[in-house]
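Colleague: Once you've had a glance at the structure underneath, I'll fire off some questions.
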Amino acid sequence: MADNDAEWFDEAAGPLVRPYAMTGGRTRPGASWLDVATQVVTVPSTVERVGIGPEQHAILEMCHRALSVAEIAHYVNVPLVVVKVLISDLIDRGDVVVRPPAQALRAPGRELLQAVLDGVRAL
Amino acid sequence: MVSVHSNQSSTVVPESVKILVAGGFGVGKTTLVASVSEIPPLSTEELLTEASTGVDDLAGIEGKTTTTVALDFGRITISPRLVLYLFGTPGQDRFWFMWDELARGAIGAIVLIDTRRLDTSFAAIDFFERREVPFIVAVNNFDGSHHYEPDEIRSALAIKEGVPIVNADARQRDSSKLALIKLIEHAMTKIPEGAPA
Ligand SMILES: Nc1nc2c(ncn2[C@@H]2O[C@H](COP(=O)(O)OP(=O)(O)OP(=O)(O)O)[C@@H](O)[C@H]2O)c(=O)[nH]1
Ligand SMILES: [Mg+2]
């Protein structure tokens, strides 16, 4: 059992099998533009949310305060590629909101940079 | 049409920006992130498969080589509407395509250098130069290391004129803060004239 297969099984089977069962085997979020820094915010709802898994419930719970994709991945303890699928489904369902993709991938402009600069100087 | 429910806009979604902290193994990336972050650095991981471009499902994953790459990051909440993230990026050049994603839309990068092992940060410098991502070089002065003048570093690593080189101590908050300020100012000089605000 000291061959490659055994190694794969030991090292990767745990972290791989479970997350991909969680996302129905998909690794590509519909919203593939989701960035590690994209802020995710839960849309308040008074009705019980059905049809989502425990990880997604956890995401909705934590995102009453805006969190980035990377923070969510850390707290849910799944790889980024998996958390993006989970979040993407929540976006499609209208359970969470993010900023439009056009803003996600653009290098920040002068005004935004100035705001960041002022913020860092004030630290 | 992407499903972004901007009609539910009573929900305020903050804007976010990223700065990358790059450099070779053990140059002080996590230390720098920790010194300015409002939270202890968090970590997350990315799964890389050899065929990681264009894979829509992982059926048959057994046949592929997978690697887990750990990223750590910190957070600076600038205002309720604006958050800055600092990502410490793994130094090995085989993770380049992950750098691609991290660099997309980023303000720029701080490339840390350990003067005892200059070459370990070369891949990072090369990457940001090629991708035209604004970056500065921060020389992390480890105890007992020989002190080099910025010009010596510049010629040793063939760093272009115009790329700022600063001395840093990644353990010191004020020093890390100055490196961030230098980078942001540098990035501002790279915005094309007449670009939208
Ligand atoms: N003297 C000195 N030591 C430092 C400085 N910055 C970091 N160190 C030390 O160097 C060691 C490595 O720092 P890390 O921040 O873990 O480096 P890293 O780049 O995140 O390392 P990897 O993620 O493993 O590549 C730690 O023991 C730090 O305490 C510095 O400015 N001066
Ligand atoms: Mg580190």
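Colleague: Can you pull the percent of region B:68-197's accessible area that's carbon plus sulfur, 1.4 Å probe, other chains left in place? Could you put the intermediate results ahead of the total?
Modeller: Values: 3040 of 6010 Å².
Whole-percent figure for carbon plus sulfur exposure: 51.
Colleague: Just order A:42-50, B:23-31, B:140-148, B:76-84 by mean Cβ neighbour count inside 10 Å, highest at the front, would you?
Modeller: So the peptides A:42-50, B:23-31, B:140-148, B:76-84, ranked by packing, come out B:23-31, B:76-84, B:140-148, A:42-50.
Colleague: At the nearest 100 Å², what buried accessible area, both sides summed, do you get for A and B when the probe is 1.4 Å?
Modeller: Summing both sides, the interface buries roughly 5100 Å².
Colleague: Separate question: Using the C-alpha gyration tensor of region B:122-188, what are the square roots of 5 times its eigenvalues, in whole angstrom, with the largest one first?
Modeller: Ellipsoid semi-axes (Å, largest first): 19, 16, 10.
Colleague: Okay, moving on. Once you've got the Cα coordinates, tell me which of A:LYS84/B:LYS182; B:LYS29/B:LYS160; B:LYS160/B:LYS182 are over 27 Å apart.
Modeller: The answer is A:LYS84/B:LYS182.
Colleague: Near B:GLY144, within a Cβ-to-Cβ distance under 12 Å, what is the net charge of the other residues, with Lys and Arg +1 and Asp and Glu -1?
Modeller: -1
The values are calculated or read from the model by the stated rules, or taken from the named source; none is laboratory data. Bear in mind that the values here come from a model prediction, so they are computed numbers and not experimental data. Ideal geometry is used to build each Cβ from the backbone, glycine not excepted, and the neighbour counts take in all protein chains shown. Surface areas here come from the heavy atoms of the whole protein model, side chains and all, with no ligands, DNA or RNA. Shrake-Rupley method; radii C 1.70, N 1.55, O 1.52, S 1.80 Å.
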